[in-house]
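A.B. asks: Take a look at the following structure, please.
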Amino acid sequence: MEMFDLTLIWAFIIGFGIMMYVLMDGFDLGLGILYPFAPDEDARDVMMNSVAPVWDGNETWLVLGGAGLLGAFPLVYSVFLPALYIGVFLMLAGLIFRGVAFELRFKSRRNRHWWNRAFCWGSSIAAFAQGTVVGAYIQGFRVENFAFVGGPFDWLTPFSVLTGLGLMAGYALLGATWLILKSEGHIQDWAYKITPLLLAIVLGVFAIISLWTPFVNPAVWERWFGHLQVIWIFPALALLCAFTVYRSVKRRREGIPFVATIGIYVFTYLGLIVSKWPVIVPPNYTLWDAASAPESQLFLLIGVLFVIPIILTYTAWTYWVFRGKVRVGDGYH
Amino acid sequence: MELDPLVLSRIQFAFVVSFHAIFPVFTIGLASYIALLHGLYFKTKNPAWDRLSLFWTKVFAVVFGMGVVSGIVMSFQFGTNWSNFSQAASNFLGPVLSYEVVTAFFLEAAFLGVLLFGRGKVPQGVHLFAAIMVAVGTFISSFWILSANSWMHTPAGVELIDNRFHVVSWMEAIFNPSFPYRFAHMAMASFLTGGFVVAGVSAWFLLRDRDPEANRRALSMCLWLLLFLAPAQAVVGDFHGLNTLEYQPTKLAAMEGNWETSTNVPLLLFAIPDQEAQTNRFAIGVPNLASIILTHSADGEIPGISEAAPDEQPPVAIVFWAFRVMVGIGLLMIAVALTGLILRRKGRIYHNPLFLKALTGMIALPFVAVLAGWVVTETGRAPWLVYGMMTHAEGVTPSLTGPMALFTLVGYVLVYGVVFYAGIYYLTRVVRNGMLPEEERETVGDNFHRPMRPMSAAHTPFDDDVDPARS
């Protein structure tokens, strides 16, 4: 049993799952955030059609993450959820509304504007709530004896509002670059136009958060300005990706903006992880404090190792089947 | 009035889990029925079976979709409102609930797409196989959920160290003492629900003379099934009750409304349990019958509620009446199934309008029975969250305040109200639009057929304005 550290394996699995969720649900939430700004109803059709086949598969990772946390890192589950109680409710309500909007908008004409609204508000609220989770995580929680003891709005501070708005902008950027990849004509032109603007917002928020974080949490300051200088590679690479997004949009490349935006996310995420490692329930509890019993981690690992490759294959296959441009009036005969 | 986060959390959990449960309860039964229809078509090549499986697969798609949406909420409820319980029980509940999620996703990834969208695109044998695997998958899903739930009633295979349960034996914990009975009772309930819904909808179609050939077959098949299932469920339920008598005597006493341990206990038909006075008012019962049913002897001894201290008793009136609602509907189901047999002998099951209308009216009742049954077992466990080991008060989130809990409770009621109104409204349109010849069917244009999502297997428009000519 002691041959390998199950907690590390699980940290990797959960970390991977969160990354998958953020990237995949990120671009479809982002399209919802951009929805009211779309040039016309045709664009909205294309935006929704471009993610309709994949969005529920994307949310798979959220449910798997929730259940996996309970199984592998119960302390995270039982501190984050009470601490973010109101935010979690808002996120779930948002996700439900946009999920139903996906299904019923296309089946409806008279009521379509209602489903448009549900899609936009649901996506925006879910994205904002997820962003505040990041902020709350950086701030840390009041925990005593393995239970959250803070107040209902501890998570909602100016700092977490900023991370919430930042993630909304970030998701919108993912959505816009996804749309560059999947659309053409005036819709693609619009996506090209808004991408640099969104990129500027994201970089601005990113800069403010970076400057602010040391004041919110001195431990993070120590980490970045201590002797572990190699970690500066992550923000450097994130900036390089941001520059690539900008340059490729200017050259009207179709695939690179999306891939480079994913790069921004991956390196920012890695930067966030090294800021905190190995603390998972800040300020005090590490991954190993938060872990469930080894026999439980092992029991669950068997099933998850069996299923994750299948889900990945299925996901890849779905994206492959629905590759290519989504056109205006696709299927309107 | 002081807002009690504990009470509000219990109401909230009951609300969201009830709303969630009605969908899987139906889809578990329906998945097996669809697999059966596929098998019959595969074997006999009679197109009536194909038409039926096409229609019911559409209904399945919509209901399954609503089950998935409401299930997302469930995976967060334990943490938001029952964090101490989550933390304490995570070593067992975490893996078991995760296995349910993993099973559901595996099923969706591998077979649901083929079942919903593979018609005419994959060989018939493959389609049949996918239908069978989806049916099996729904059972595996419910296996894990019911194992987790049963463990809370009859905990086994664990040790409590420093306020945390540690699994000593996975076999004993997963196959805990009440699990086989609960699983059998619930599986039968799913079949009964599926059976009564299919019978009711078929009857509704027959009243309108819509595809009579297929719907007669469906109705006849369901009535045979129900004739066997409805009485068998009473027997299984009785065994489940005996298991409860052994492991949770207080719950059983509350179901019977039996306050004092005694012999020759009557089966109460009506009573108003008075918790404060620890007695019943206006009790009417059949002498000795409860003793006979539970101990198979008229002077058998039945434990009383008062064996438990007043603060360790469940709210008796709720358990008592929910139990009577469940059993009452169960008896009604048996009566309907028997009526079907009598009418069949006279060759009138397809024509008797009263019977067909009664069947249509029965559609909602199995759902009520299932929820009533869950109220019996869950309320009957109170005040225990893990029976004998952890109370609701110990399991609730310590930082939760009354106003927070009230906010989300009202929020969930509103969200579910809107979303499920839309869902049920849409489902009734799918049914009303069902089993019509192709040219009379309302449909939405081809661009709406972006596959891969469960609900897109149904093509019925949501409101009246979609131009049917666009196809």
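A.B. asks: Under the rule of -39500 (n - 2.57) per DSSP H run of 4 or more residues, summed and divided by the residues of chain B, what mean residue ellipticity at 222 nm is obtained, to the nearest 500 deg cm²/dmol?
C.D. replies: Mean residue ellipticity at 222 nm (helix-derived): -23000 deg cm²/dmol.
A.B. asks: Please identify the GluC sites (Glu not before Pro) of segment A:1-89 that satisfy two criteria: DSSP loop assignment and at most 12 other Cβ atoms within 10 Å. Which are they?
C.D. replies: Here the sparse-neighbourhood loop sites are A:GLU2.
A.B. asks: Moving on. Which residue, A:TRP277, A:TRP320, A:TRP115, has the most motion in a Gaussian network model of chain A that connects Cα atoms within less than 10 Å?
C.D. replies: Checking each option, the largest mean-square fluctuation is seen for A:TRP320.
A.B. asks: Shape call for segment B:230-306 from the C-alpha gyration tensor, a ≥ b ≥ c root eigenvalues: rounded (a/c under 1.5), prolate (a/b greater than b/c) or oblate?
C.D. replies: It comes out prolate by the Cα gyration axes.
A.B. asks: If you rank B:ARG119, A:ARG110 by fewest surrounding Cβ atoms within 10 Å, what's the result?
C.D. replies: A:ARG110, B:ARG119
A.B. asks: For chain A, what does the helix formula give at 222 nm: sum of -39500 (n - 2.57) over DSSP H segments with n ≥ 4, over the residue count, nearest 500 deg cm²/dmol?
C.D. replies: It comes out at -26000 deg cm²/dmol, rounded to the nearest 500.
A.B. asks: Under 5 Å between amide H atoms, partner at least 5 residues away or on a different chain: which partners does B:LEU267 have, H built in plane at 1.01 Å?
C.D. replies: Those lying under 5 Å, H to H, from B:LEU267 are B:VAL286, B:ASN288, B:LEU289, B:ALA290.
A.B. asks: Right, another one. Taking H placed 1.01 Å from N in the peptide plane, check which residues at least 5 places from B:MET390 or on another chain put their amide H under 5 Å from its amide H.
C.D. replies: B:LEU385
A.B. asks: Quote the convex hull volume per residue of the protein assembly as shown, based on C-alpha atoms, as a whole number of Å³.
C.D. replies: Given the Cα convex hull of the protein assembly as shown, per-residue volume reads 169 Å³.
A.B. asks: Would segment B:61-152 count as rounded, prolate or oblate if I go by the C-alpha gyration tensor, calling it rounded below 1.5 in a/c and otherwise prolate when a/b exceeds b/c, oblate otherwise?
C.D. replies: prolate
A.B. asks: OK, next. What are the ³J(HN,Hα) values, in whole Hz, obtained from phi via the Karplus relation 6.51 cos²θ - 1.76 cosθ + 1.60 with θ = phi - 60°, for each residue of segment A:69-74 in sequence order, with x given for Gly and Pro?
C.D. replies: Each residue of segment A:69-74 in turn: 4, 4, x, 9, 10, x Hz.
A.B. asks: Just tell me how shielded A:102-115 is by partners: mean number of partner chain Cβ atoms within 10 Å of each residue's Cβ, no decimals.
C.D. replies: The mean count of partner-chain Cβ atoms within 10 Å per residue comes to 6.
A.B. asks: So how tilted is helix B:5-44 from the main axis of chain B? Cα-based, degrees 0 to 90, rounded to 10.
C.D. replies: With both axes taken from Cα atoms, the answer is about 40 degrees.
A.B. asks: Using θ = phi - 60° and the Karplus curve 6.51 cos²θ - 1.76 cosθ + 1.60, what whole-Hz ³J(HN,Hα) does each residue of segment B:77-84 get, with Gly and Pro shown as x?
C.D. replies: Karplus values, whole Hz, x for Gly and Pro: 4, 4, x, 5, 9, 10, 5, 5.
A.B. asks: What residues qualify as long-range amide H neighbours of A:VAL143, i.e. H under 5 Å apart, gap of 5 or more or another chain, H built at 1.01 Å from N?
C.D. replies: Correct list: A:VAL149.
A.B. asks: Hey, what's the Cα Rg ratio for chain A versus the globular rule of thumb, 2.2 N^0.38 Å?
C.D. replies: This ratio for chain A stands at 1.01.
A.B. asks: Could you work out the per residue convex hull volume over the alpha carbons of chain B, in cubic angstrom?
C.D. replies: Hull volume normalised by residue count: 168 Å³.
A.B. asks: What is the order of A:ASP154, A:ASP45, A:ASP40, fewest Cβ neighbours within 10 Å to most?
C.D. replies: A:ASP40, A:ASP154, A:ASP45
A.B. asks: What list of ³J(HN,Hα) values in whole Hz, one per residue of segment A:33-46 in order, does the Karplus curve 6.51 cos²θ - 1.76 cosθ + 1.60 (θ = phi - 60°) give from phi, with Gly and Pro shown as x?
C.D. replies: Running phi through 6.51 cos²θ - 1.76 cosθ + 1.60 with θ = phi - 60° gives 5, 7, 3, x, 8, 4, x, 7, 5, 4, 4, 5, 4, 5 Hz.
A.B. asks: Here's something else I'd like to know. Tell me the angle of helix B:316-345 to the major Cα principal axis of chain B, expressed in degrees between 0 and 90 and rounded to the nearest ten.
C.D. replies: Approximately 40 degrees, to the nearest 10.
A.B. asks: Does segment B:1-73 come out rounded, prolate or oblate, given a ≥ b ≥ c as the square roots of the eigenvalues of its C-alpha gyration tensor, rounded meaning a/c under 1.5 and, failing that, prolate meaning a/b above b/c?
C.D. replies: prolate
A.B. asks: In Å, what is the Rg of the alpha-carbon atoms in segment A:81-149, and how long is Dmax?
C.D. replies: My reading of the Cα-based Rg and Dmax gives 16.0, 55 Å.
Where a number appears in this text, it was derived from the coordinates with a stated rule and is not lab data. These numbers were taken from a predicted model, which means no experiment stands behind them. Note that each Cβ is placed from the backbone with ideal geometry, even for glycine, and that neighbours are counted across all protein chains shown.
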